[in-house]
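One structure is given below, encoded as structure tokens.
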Amino acid sequence: MKEHGKLTERQFAGIIANTLIGAGNLVLPRTLTAIAGTGAWIAVLIGGFLSLVFMLIIIRLGLRFPEETLMEYGTHITNKWIGKSVGFLFCSYWLVLSSLVIRVFSSMLVSSVMINTPIEVIIIAMLLVVVYFIRHDLQVIGRVNELYFIFIIIPILFGIFLSISEVNPIRLLPLTGGQGFLPLLTAGIGSFFSFLGFEIIVMLIPSITTQKLTYNYSIKGLLSPLVVYMTIVLLAVGIFGVEELQNLTWPTLELIKVTPFPGLILERLEVVFISFWVVAIFTTSGNLLYVSILGFSQVLQIEEHKTLIFPLLPLVFFFAMLPGSIYKVFDMMDIISKVGGLLVCSIPVLYYLISVIWDKKGDERS
Amino acid sequence: MNYIKCFKLLLIICLISFITTGCWDLKDIDQRSIIIAIGIDFAETPEGSNYEHSELIKLTAQIAIPQKLGGGAGQPPAMGEESVWNVSAVGLNISMAIMQLNEKLQYEIFLGHVRAIIFSEDVAKEGILRYLNYFRNNPDFRRLSYIMISEDKAEDVLNTYPKTAIIQGVYLMNMVETAVKKGNMPDIPFIEFVIRLVDKGIDPVAIMINSFENKIKFSGLAVFKGERMVGKMNIEEGWSFIQLAEKKQGGFEVVRDVKDELGRVTIFFSGIQSNLRPMLTEDDNFLFKVDLDFEGRAISQETPTDYSNQILFNELEQRVSNEVKRELEVLFYKIQKKYNSDIFGFGEMVRAYMPKEWDKIDNWREKFRTTKLDITVRTKIRRIGMTNLIQ
């Protein structure tokens, strides 16, 4: 068995948090309020709860095979071909998602800050950074995530702090959306898709140093994105109201635009916001691409994952450039996250059931 | 071997310098035409043209002259007329007018510093949504700049230079901000105006200004119904509006003296607590219970009445409350009956507190027509001043 790198629990939590905070919440307030109205924050809670459930299932499955990743125990639970094709599906999904994350962010950059810059340039520049990042092994990925978590969360908290004075409480009411439970549930499932990305832990569990703490730290890792998502949704609804949110392509960016900075020192706060958001996007898409390439290397039984980076890179660029207009980007994001949601909801549960029924277990850790 | 390595490294560094410099969108600050304020009027249609009166707009842009600002050592900075330059352009819509404007300028225009957009009253009466769209789509445009309505031509307002104005557009913004801070103008920046325009349960208002010679003056608030301006409130009505809808204290209240009907007492409001709740009456109309608690101080008294007497004092407080209540009711029923525009945001209240009822309403304006108001006003006067000296 190949030796997996080492990952401390905190790094593990950092990876989960950084993967989740990314492109999703750039548009989240609009998509959720379109369905759930002012009850959108409950939808976020529902989505967070759903993802927590599936995450715990994944961990439970993963801990039955403490030395193996999804690609490896998949072949043990089922047969070689099914296991490999399922692994292949997961990896392709991560690859496309990672390229779309970069695309969504670049679209925002091009449409709001760097208007004259061709989108290809931004995508290529970001891809190169990501490639540099994922050429290292898991230990480095873990450290980067642990460190960058601070660079992501502090600016977000700061922004929240500044914009809280702009909230008009009447726009937040009625807190439940006032349309009954069904829209909340629909929007909750919708918000579950923006929590996708936590499933990359199927590749990370064997590398954690103290596996007993996996449950603990995975919940911690999920909690901070949940809080961030919820506050952003609440702020967006409180500042713009549901009706106006439907007219904003990038609600979170607009949120920063209407935030006054004390004393007019910085009149255009969004520039600062975007420069920090680059970090969030970088970690999201970097982590996704890393697990995708690691997965591919395990499926194809290649010793070094680095070998695959350059062959797959054109593919990432291709998927990032595939959708034409911004609407197509959102459509494709929608489709790919539905595919991902289907994978995440079905495969781990199936695998777990099979492994319990036929009593399959991996080797204990030495 | 070593040479090759060096060469490779050099090549990479050269390549990286192409993509990491970020100069694609570089534009030096002095190579932009920075617009401080924008005025929008209807253009006079030229003789014999095919355009209707309201088709052509005239956009006046106030452009800052950076070289004149700041001044040198020992030199006073340029003021008023010298620091800005007003340029007008005519077009079918904002983007065409701005294109025409660009033709007249050395550098490309930059909207990131716009402090105020001023519409003339006749433009506002025709509806302004179509003009706002350009600014909303522009990523540079500041969402916190102010929308104002000028009674005469917007161009004239921009051409009025008060003596203390260093940059005229910034002067306008400061004027509004001071009034907002004092609580006698509603705080409605661009984005708030747009939100109120879009929301079904509220109609926007905008600050109205007027200009004479070298003075600019607030002349009240413009009442909108949807995107069209339908009427105006004067300054005092504006205060009542702020007290009712914005939970700010507005200005002051002048009442007759309790003992001596010829003298007056002026009460300056320093705080307000307001509580607003919608209810449904038996005949299916909405009733709004408004509880207002004012706090104020007497700033002038023209009679020698001794208000240390508790009975007189209470009566004075009662008078102030009654007067405020009367003014609020007059304003509310005027807006309701005459304009039928819900600038108070009562519809939003219904949406917030009675979501079930709100779902049943197709047209809030129809419902608003029959809405009733039940106002309770209480006043607490904290300080009365030294009155006995007059005797």
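Those helices (runs of 4 or more DSSP H) of segment B:90-179 in which at least 1 residues are over 19 Å from B:Ile29 (Cα atoms), of a type outside the set (A, V, I, L, M, F, W, C) and within 14 Å of chain A (Cβ to nearest Cβ), considering only elements entirely within it, cover B:129-137. Considering the conditions (1) out of contact with any Phe, Trp or Tyr (no Cβ under 9 Å at 6 or more places or on another chain); (2) within 14 Å of chain B (Cβ to nearest Cβ); (3) open to solvent by less than 20 Å² (accessible area, probe 1.4 Å); (4) at pLDDT 85 or above, A:Glu243 is excluded by exactly one of them, (3).
Scanning segment B:298-319 for residues that are open to solvent by less than 80 Å² (accessible area, probe 1.4 Å) and part of a strand (DSSP E or B) turns up B:Ala298, B:Ser300, B:Gln301.
Tallying residues that are aliphatic (A, V, I, L, M), within 14 Å of chain A (Cβ to nearest Cβ) and either farther than 21 Å from A:Gly37 by Cβ or open to solvent by 10 Å² or more (accessible area, probe 1.4 Å) (or both) within segment B:320-371 yields 3. In segment A:163-172, the residue that is farthest from B:Arg196 (Cα to Cα) out of those that are crowded, with 17+ Cβ neighbours inside 10 Å and aliphatic (A, V, I, L, M) is A:Leu172.
Counting only residues that are among the charged types (D, E, K, R) and at pLDDT below 85, segment B:1-31 holds 4 of them.
Meeting the requirement of 3 or more residues that are without any contact (Cβ under 8 Å) to a residue 40 or more places away in the chain, the strands (runs of 3 or more DSSP E) wholly within segment B:206-293 are B:215-225, B:264-280. Screening the candidates A:Leu175, A:Leu128, A:Leu147 for the property of being part of a helix (DSSP H, G or I), surrounded by fewer than 17 Cβ atoms within 10 Å (Cβ to Cβ) and within 12 Å of chain B (Cβ to nearest Cβ) yields one hit, A:Leu128. Please specify each residue of segment A:148-196 satisfying the condition of being closer than 26 Å to A:Phe12 by Cα, touching a residue at least 12 places away in the same chain (Cβ under 8 Å) and among the aliphatic types (A, V, I, L, M). Residues satisfying the conditions are A:Ile152, A:Ile153, A:Ile156, A:Ile160, A:Ile189, A:Leu196.
Is it true that some residue in segment A:212-221 is within 14 Å of chain B (Cβ to nearest Cβ) and either free of Cβ contacts under 8 Å to residues at least 24 places away in the same chain or among the aromatic types (Phe, Trp, Tyr) (or both)? No, the conditions are met nowhere in segment A:212-221. The residues in segment A:94-116 that are touching a residue at least 60 places away in the same chain (Cβ under 8 Å) and either within 14 Å of chain B (Cβ to nearest Cβ) or open to solvent by 10 Å² or more (accessible area, probe 1.4 Å) (or both) can be counted, and the count is 10.
The values are calculated or read from the model by the stated rules, or taken from the named source; none is laboratory data. Since we're looking at a predicted model, the values are computed, not measured. Reconstructed Cβ throughout: ideal geometry from the backbone, glycine too, with neighbour counts over all protein chains shown. Areas reflect the complete protein model, heavy atoms only, side chains present, ligands, DNA and RNA absent. Shrake-Rupley method; radii C 1.70, N 1.55, O 1.52, S 1.80 Å.
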